[in-house]
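What follows is calculated from the coordinates using simple rules that are stated; it is not laboratory data. Predicted, not measured: the structure shown is a model, and the values here were computed from it. All Cβ positions, even for glycine, are placed from backbone atoms using ideal geometry, and neighbour counts span all protein chains on display.
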Amino acid sequence: MNVAFRTGGVLACLSVAALAFWKVQNGPVSRTNHKSVTGPIRSAITNLVSFAKSHFTGGIGAILLPDSATGLPRVREIVDESPAQKAGLREGDCILAVDGVVTRGRTLAQNIQSIRGFAVGTVRLTIQRAGSTNLECVVHRGSWSSMGIPQ
């Protein structure tokens, strides 16, 4: 096995464990409740994939549905305090492109998958808002756990 690949795997595991420890130290957990303190650490050790998915991947915090007339993804609802809300997205906005890729002709699932990704990354959306021209919007993704969305 390649030494660099093995070293990268070890470093990734250590990073996840360090994040779990940091989460316990700085997260909104009660230090008097033993189970709430050991939960994130146990989760990181016993189910690394699930822990990484909920803490390192995410989205923008918007519920999208296909527009009945055009089939384009339309913002149906925005999660409070989500990256979408902070970036200025509004209910009713129609998403025309995701990172420069046109949404027309793609399924809703394909467009949603393009929006989701690494939690600290960004996604550039071209939106059409009623009564205005097309708008460019850069949204900084948030992790599912930071938005209170269970995975």
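Value of Rg to Rh for the range 59-147, rounded to two decimals, is 0.93; Kirkwood radius and Rg both from alpha-carbon coordinates. The relative contact order of the range 59-147, computed from alpha carbon pairs under 8 Å that lie at least 6 residues apart in sequence, is 30 percent. The simple spin-label model puts a point 7 Å past each Cα toward its Cβ; for Asp80 and Ser132 those points are separated by 2.4 nm.
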